Amino acid sequence: MTTAQSNWDAPVAGDDESGYVPPEWTWARYQAGRRLPSDELEWAVAAARAGDGYIWLGLHNPSQHTMTTLGHHLGLHELAIEDAVHGHRRSKLERFQEHLFFVVSTVAYQERAKDAPPEIVTTGELMVFLGDWYVMTSRHSGPSRMPEVRKLVEQESEDMPRGPSRVLYACLSVAIDDFERVAQQMEDDVEDCEQLVFGDRREPDLERTYQIKRELIEFRRCVAPLCAPLTALYTREFGQIHANAKPYFRELAERVQAVRETVAALEDQLTNILQTALARASFDDNRDMRKISSAVAIVAVPTTLGAIYGMNFDNIPELHWGQGYYVVMAMNVIGMTVLYFLFRKFKWL
């Protein structure tokens, strides 16, 4: 895409930031699904307004000044401008008089290093302004997937319309590709949690399981809100969405629903893993307590006999009997042996 700085960068009426130069943005002009060489932004805008192709503007973390300038020239609603500047955490679709405003949450999976923080799912936002002759994308945080989006926009297709709605479709398709990729990797993480909890380890690794569950909840917050906006794109009438594009958005909605069901299944699976792990830990604690109680009971035999014969009473007949020591020791051995085999029979030892 071309980097442009033209009189569109000039401050709009009421802007008193003297000497301020807004950041650059990238743009390109498309016609029939192909990117056209364009050197002057004003000329490209005039051609797009006249119905000759459309303009694609791309921004990354735009400033208030940049969005105000673009909003002035494109007729953007002030609420949409505010979301584009400050970000919006949930996917949504808003319909304004002259344009649509779509927000989609993006996700990316990052491998967890040994000393890295426990976060494995990073989130971002991609906002799409869709007009009759232009489309503007604004990205907040998260990795850039614009090369994949441009490749999909320029791909040959006989049925998919080649107007601005195709850019919206490409943005959503690439974002949903990431959803499916992250869901698959989260499935692998859940399987690893099962090995950590039910493996040969003496103590299950519950901390890792809790971390995966927390990341899965964050992932669900990105996926779930996208279903309603996608459903609206293929069930409602929008001037910016061509009728031939609706089946493509319906296919995207079905993919999101599949990811949503996968996430719900993984959450249930993790919940069952945690409950089973806690039950197993409780069982192990009870087993340890039985062993300790058995040992205490066995040791209590010589302790009791020792306490009795250790009292300072002179009138104890066995003290003056020559075989008393051997009888008491035999009682110790017999009592401890009987208790040992009883506890073994009851599977306490």
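Brief remarks on what is shown
- Matching residues in the range 65-83 - criterion: being open to solvent by less than 50 Å² (accessible area, probe 1.4 Å) and more than 30 Å from the chain's Cα centre (by Cα): 65, 66, 69, 70, 71, 74, 75, 76
- Filter pass, residue 99 being open to solvent by 20 Å² or more (accessible area, probe 1.4 Å) and either out of contact with any Asp or Glu (no Cβ under 8 Å at 6 or more places or on another chain) or modelled with pLDDT of 85 or more (or both): no
- Subset of the range 23-48 [closer than 22 Å to residue 84 by Cβ and not aromatic (Phe, Trp, Tyr)]: 23, 24, 26, 28, 29, 41, 44, 45, 48
- Search result, residues across the range 35-64 that are under 32 Å from the mean Cα position of the chain (by Cα) and closer than 22 Å to residue 146 by Cα: 56, 57, 58, 59, 60, 61, 62, 63
- Output for the range 259-268, where each listed residue is among the hydroxyl-bearing types (Ser, Thr, Tyr) and either over 21 Å from residue 107 (Cβ atoms) or open to solvent by 70 Å² or more (accessible area, probe 1.4 Å) (or both): none
- Search result, residues across the range 125-176 that are closer than 19 Å to residue 81 by Cα, part of a loop (DSSP other than H, G, I, E, B) and open to solvent by 20 Å² or more (accessible area, probe 1.4 Å): 132, 133, 141
- Residue list for the range 314-329, restricted to those being assigned to a helix (DSSP H, G or I) and either more than 24 Å from residue 292 (Cα to Cα) or at pLDDT below 80 (or both): 317, 318, 319, 320, 324, 325, 326, 327, 328
- Residues satisfying the stated conditions in the range 84-105, i.e. more than 12 Å from residue 127 (Cα to Cα), of a type outside the set (Phe, Trp, Tyr) and either part of a helix (DSSP H, G or I) or under 32 Å from the mean Cα position of the chain (by Cα) (or both): 95, 99
- Of the set (1) touching a residue at least 40 places away in the same chain (Cβ under 8 Å); (2) under 20 Å from the mean Cα position of the chain (by Cα), all apply to residue 122 but (1).
- Close pairs from the range 140-151: first within 15 Å of residue 110 (Cβ to Cβ), partner loosely packed, with under 15 Cβ neighbours inside 10 Å and of a type in the set (Lys, Arg), Cβ under 7 Å, at least 6 apart: none
- Residue 311 satisfies every condition listed in (1) free of Cβ contacts under 8 Å to residues at least 24 places away in the same chain; (2) out of contact with any Leu (no Cβ under 8 Å at 6 or more places or on another chain); (3) assigned to a helix (DSSP H, G or I) except (3).
- Checking residue 271 against (1) modelled with pLDDT under 90; (2) open to solvent by 90 Å² or more (accessible area, probe 1.4 Å), the condition it does not meet: (2)
- Within the range 244-258, the set of residues being open to solvent by 70 Å² or more (accessible area, probe 1.4 Å) and at pLDDT below 90 comprises just one member, 244.
- Taking (1) crowded, with 17+ Cβ neighbours inside 10 Å; (2) of a type outside the set (D, E, K, R); (3) in a helix (DSSP H, G or I); (4) modelled with pLDDT of 85 or more in turn, residue 55 satisfies each apart from (3).
- Output for the range 43-75, where each listed residue is of a type in the set (A, V, I, L, M, F, W, C), without any contact (Cβ under 8 Å) to a residue 40 or more places away in the chain and closer than 17 Å to residue 240 by Cα: 50
- Which numbered condition residue 188 fails, given (1) more than 21 Å from residue 99 (Cβ to Cβ); (2) buried (at least 18 other Cβ atoms within 10 Å of the Cβ): (2)
- Members of the range 225-258 that are more than 21 Å from residue 134 (Cα to Cα) and in contact with an Asp or Glu (Cβ under 9 Å, 6 or more places away or on another chain): 247, 255, 258
The values are calculated or read from the model by the stated rules, or taken from the named source; none is laboratory data. Since this is a predicted model, take the numbers as computed values, not measurements. In this analysis, Cβ positions are derived from the backbone assuming ideal geometry, glycine residues included, and neighbour counts consider all displayed protein chains. Accessible surface areas use protein heavy atoms only, side chains included; no ligands, DNA or RNA. Shrake-Rupley method; radii C 1.70, N 1.55, O 1.52, S 1.80 Å.
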